[in-house]
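Okay, so here's the structure we're looking at.
Bear in mind that the values in this text are calculations on the coordinates, not laboratory data. Since the model is a prediction, treat every value here as computed from it, not as a measurement. Methodologically, a virtual Cβ is constructed for each residue, glycine included, from the backbone with ideal geometry; neighbour enumeration extends over all protein chains shown.
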Amino acid sequence: MTAPTHDTVKADEAEADAAADVAKKHVEGRSLGRIAWARLKRDKLALAGGVTVAVLILVAVFAPVLTALIGQDPNEYHQDLIDPLFGTPTGSFGGMSADHLLGVEPVNGRDVLARIIYGARVSLLVGFLSALVAVVLGTVLGILAGYFGGWLDALISRVMDMLLAFPQLLFIISLIAVVPNSMLGLEGTGVRLFVMVLVIGFFGWPYIGRIVRGQTLSLREREYVEAARSLGAGKRYILFKELLPNLIAPITVYTTLMIPTNILTEAALSFLGAGVKPPTASWGQMLNTAVRYYDQDPMFMLVPGIAIFVTVLAFNLFGDGVRDALDPKGTR
Amino acid sequence: MRFLGTSRRRSAAASALVVGALLTTAACGGGNSDTNGDAAGYNAAISKVANESDKKGGTLKFIGVQDADSWDPTRGYYGFAWNFMRFYTRQLVTYAPEPGKAGNELVGDLAKSKAKISNDGKTYTYELKDDVTWQDGKPVTSKDIKYGIERQWAQDVLSGGPVYLKNVLDPDDEYEGPYKDKSKDKLGLDAIKTPDDKTIVFNLPKANSDFESMLAMAAASPVRQDKDTKSKYTLKPFSNGPYKFKDYSPNKKLVLVRNDEWKRSSDKVRAALPDKVTVTLITNPDELDKRLINGDYDVDLNATGLSPAGRAAALKQHKGNVDNPETGFIRYGVFPQSVKPFDNIHCRKAVIYGSDHKSIQTARGGPKAGGDIGTNMLPPVVPGSDPSWDPYGLRSNDGAANKKKAKEELKKCGKPNGFTTTIAVRNNKDVEVDSAEAMQASLKKVGIKAKIDEYDGAQIAGIVGNPDVVKKKNYGIIIMGWGPDFNSAQGYGKPLWHSDYILDNGNNNFAEIDDPKIDDAFAKFQSELDEKKKAKIAGELNKMVMEGAYYLPFTFEKMLTWRSSRLTNVYSTAAYSGQYDYVSLGVK
């Protein structure tokens, strides 16, 4: 591995293409970021995953625009499309039609496509934000434990062990039950989102923390760190200017792989009724409703199921690709 | 399962498999031919008797997901348990074995006839039949009946059952119950006299025109003192009916066999056709529907109606096995007056007008499994009710919201731009959450922003039943349902509308109605012995409640029930919430 880098996977495409072109002529002089990008580009599966993730993010960000384009509101009832006797859509395939491309929900006839689009917001928001919480906590605490060792390391490591052994899902479900309906200026769904992000993130940091601690343990004995230390560099400088840049690669990999896990946790919580509150759309909640009407309206179970499946698969493929690109010798 | 150590690609492959499996099972949903043979037809047991027969023998098989809260007649409060208890216990009077509303008629059971009422409705005298017996052959005496009723006073040992008789006969709570009774025969209650073994006299401190309906409840059954096992009585009640307990394991099964000492000549109510009655208890409602449809069992003991999946299978393939009775329940939203802005009648009316009644009905299961859109607050089974009286026009315009009127009322309430409130709904009732969402969606269109709060459905008494909690949590709309304990305005409405029933805990007067005119009407109702005049007062009560805009009725509830093709002598009775009259059932 070459020198520490500031600029990893974020190298922009033009630059990378240029680098690849240059690479054909000159063998030397490529940063880790460029090497990784070149490798990533060769991994078609990872690229497909990456593109899907990008599309999903755009869908979530522009949800109001998209639903306006298809002319459907996610909370609008269309009970004229529901058979009052059974509560299921009258049309075939879950009521699919030119107006309702993915059909309508049983009982209330809300447009499934619009709700899937809005559901992406909840899934991605919780997925990303809770990963962010986990990464910040995990990196800071992991680096401190690894670098200083001693009682601090013992303390942080035991806390990590404890959290890893904690029944996370059960804890969140019981926590949601006691959290008030409004707090910190938030209400209803806002409170639920806040709690989910915080708690999923809090239980996620030991995974990053352990990796960072392990890497720090080996890095702190390296010559360049010794050199900095002997030149009288302060602790903060060593931690954040010498060690952290070399930790970026593993942190990036584990972050991309943590997001889909968080999305699944959110879906599970919503499925169990501990997620966002109605009428906010969420994939897990849709699955929960679908269970009741599964016999008569299997399409309604398939649609959110596929949405979750595609999202998680895309993140995983992309994350795998990033890992292979950053550390091709790494074992799984 | 966390991502460390496992291959992401491998787990991705696993999820692909799961979705694949989903697709395949989805493809084979439905289909399955009719194996049930000759069903009596859709609604064959509504207002008439299906498969009328007097053929004896066979085993009648109940299945349920919920055991009785207690099989002790003093303690049970589930409607299905009261219905079922008639297999092994009798009362002075009971409901006639007739389909539909005719089943509301009281007839003599242990008593030769209905009461001789004297002393301005304050004295009820009964004479017992000569050939009524216990399962050991001894006669049932008036003292056994008195002792059985006295058990209602022992609430510290025998809690949970209805206490109407206790409240009417001893309003000041002077008698301390048979277990603390100092008299030798433990029959110290002054209000009931037993001049001889065949005569019993009730002396009421104040007349109550529904008194005889209270005597028809299971909690007025005789219990023999030497057989009273107190809190263990639920395990093996001592029978005086056509069947007796043979085998009972709570939450698993119950087997009743014929009581040979019961004399058919003494009982004009119970057909007692099968030789054996069994109850099997499982935990999964969908499984219950499947087994019924398969023909493994005959009746759903709990009579809660088919679940959405079972409903579709039953109606599409075996419509002839399905009945659609009214349950006597009204499902409604109620507005606690202590929660602002529902102290203002116009804000209450705004919610009534602004709700889409059709979408709430669909959320509750539609016109068949949910019921007709409710119009007022007296269930159709209660005398004096008039389902067509629709003061707020809830059924007009196909149940759509009346936005114009809602906006007008909002202006009168001083909130022309709407307001914010919270809907409280039980978290264990999918249909109630669906109704809350439907209400939320339609109210939003008139500017009323409603949040939905799902509370623990096992904690009704301490959450929505506690006015302080309701106020603190800002529950402006509570979604609930109520059915009559006995079919009268008193049996239905008193706990909901009378000011005496505003309780600190376990409150049912959610609207916190404290109206002397309503209280007076109940007093008048209780002292009125003429059925026609009673019905008229019931109508007036209903009018006052509706004019106060305390309630938004959702549906006059109906349910879809399964009747196996083996069953004979089946009919739905208004006396037990539209359930089949269990004691009349037989099997082919």
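Using amide H atoms built 1.01 Å from N in the peptide plane, name the residues 5+ places from B:T420, or on other chains, whose amide H lies under 5 Å from its own.
Result for B:T420 returns B:K449.
Round to the nearest 0.05 the FRET efficiency obtained for B:Q459 and B:S118 when R0 = 56 Å and r is the Cβ-Cβ distance.
Working: r = 46 Å, r/R0 = 0.83.
Efficiency for this residue pair is about 0.75.
Counting residues in segment B:419-540 as N, plug N into 2.2 N^0.38 Å and put the Cα Rg over that result. Kindly include the intermediate steps, with their values, before the conclusion.
Details: Rg = 16.7 Å, N = 122, 2.2 N^0.38 = 13.7 Å.
So the Cα radius of gyration is 1.22 times the expected 2.2 N^0.38 Å.
Can you tell me the convex hull volume per residue for the protein assembly as shown, based on C-alpha atoms, in Å³ to the nearest whole number? Don't skip to the end; give the middle numbers.
Values: hull volume 181.9 nm³, N = 920.
Convex hull of Cα atoms, per residue: 198 Å³.
Tell me, which longest segment in chain B has none of the GluC sites (Glu not before Pro) that fall in DSSP loops with at most 16 further Cβ atoms within 10 Å? Mind dumping the intermediate values first?
On the way: sites that count: B:E52, B:E105, B:E174, B:E176, B:E261.
My reading of the result: B:262-588 is the longest stretch.
Membrane-span-like helices in chain A: DSSP H runs reaching 18 Å or more (Cα, own axis), mean Kyte hydropathy at least 0.5? Each step should come with its number before you reach the end.
Working: long enough: A:13-25 (19 Å, -0.52); A:44-61 (26 Å, 2.36); A:112-148 (53 Å, 1.95); A:150-164 (21 Å, 1.06); A:189-219 (44 Å, 1.13); A:244-271 (39 Å, 1.09); A:298-326 (42 Å, 1.42).
Span-like helices in chain A: A:44-61, A:112-148, A:150-164, A:189-219, A:244-271, A:298-326.
What lysines does B:K368 reach when the alpha-carbon gap must be under 22 Å and sequence neighbours fewer than 8 apart in one chain are set aside?
Counting by Cα, and skipping residues close in sequence, B:K368 has these lysines nearby: B:K48, B:K101, B:K290, B:K316, B:K319, B:K358, B:K429, B:K558.
What does the charge count near B:E98 come to, summing +1 for each Lys or Arg and -1 for each Asp or Glu among other residues with Cβ under 13 Å from its Cβ? Walk me through the intermediate numbers first.
Working: positive: B:K48, B:K101, B:K268; negative: B:E52, B:E105, B:D581.
Net local charge, B:E98 excluded: 0.
Quick one: plug the Kirkwood hydrodynamic radius of segment B:69-248 (C-alpha pairs) into Stokes-Einstein at 10 °C, 1.306 mPa s, and report D in µm²/s. Each step should come with its number before you reach the end.
Numbers: Rh = 16.3 Å.
Result for D is 97 µm²/s.
Using DSSP, restrict attention to beta bridges with both residues in the protein assembly as shown and report what percent are antiparallel, rounded to the nearest 5. Show your work: numbers first, answer last.
Working: 51 of 70 bridges.
Restricted to the protein assembly as shown, the bridges split so that about 75 percent are antiparallel.
Let a ≥ b ≥ c be the square roots of the eigenvalues of the Cα gyration tensor of segment A:188-316; is it rounded (a/c under 1.5), or, if not, prolate (a/b larger than b/c) or oblate?
Numbers: a/c = 4.88, a/b = 2.89, b/c = 1.69.
Verdict is prolate for segment A:188-316.
What value in Å³ per residue do you get for the convex hull of the alpha-carbon atoms in segment A:48-326?
Working: hull volume 43.0 nm³, N = 279.
Enclosed volume per residue, from the Cα hull, is 154 Å³.
Within segment B:326-558, what percent of beta bridges assigned by DSSP are antiparallel, to the nearest 5?
Numbers: 14 of 24 bridges.
Approximately 60 percent, going by the DSSP bridge assignments.
Please sort through the DSSP H helices of chain B and keep those with an alpha-carbon extent of at least 20 Å along the long axis and a Kyte-Doolittle average not below 0.5.
Details: long enough: B:8-27 (29 Å, 0.78); B:430-444 (21 Å, -0.23); B:531-547 (24 Å, -0.82).
Qualifying helices: B:8-27.
Assign unit charges at the C-beta atoms only (+1 for Lys and Arg, -1 for Asp and Glu), then state the dipole size of segment B:326-558 relative to its Cα centre in Debye, rounded to the nearest 20.
Values: 33 positive and 31 negative charges, 213 e Å.
Once rounded to the nearest 20, the dipole reads 1020 debye.
Two decimals is fine: what is log10 I(q)/I(0) at q = 0.17 Å⁻¹ for segment B:389-480, from a Debye sum with one equal scatterer on every Cα and no solvent?
-0.83
Pull out a ≥ b ≥ c, the square roots of the eigenvalues of the alpha-carbon gyration tensor of segment B:326-558, then state rounded if a/c is under 1.5, prolate if not and a/b is larger than b/c, and oblate in the remaining case. Intermediate results must be reported in sequence, preceding the final value.
On the way: a/c = 1.41, a/b = 1.30, b/c = 1.09.
The shape class here is rounded.
Rounded, prolate or oblate, given the Cα gyration tensor of chain B, with a/c below 1.5 counting as rounded?
Oblate.
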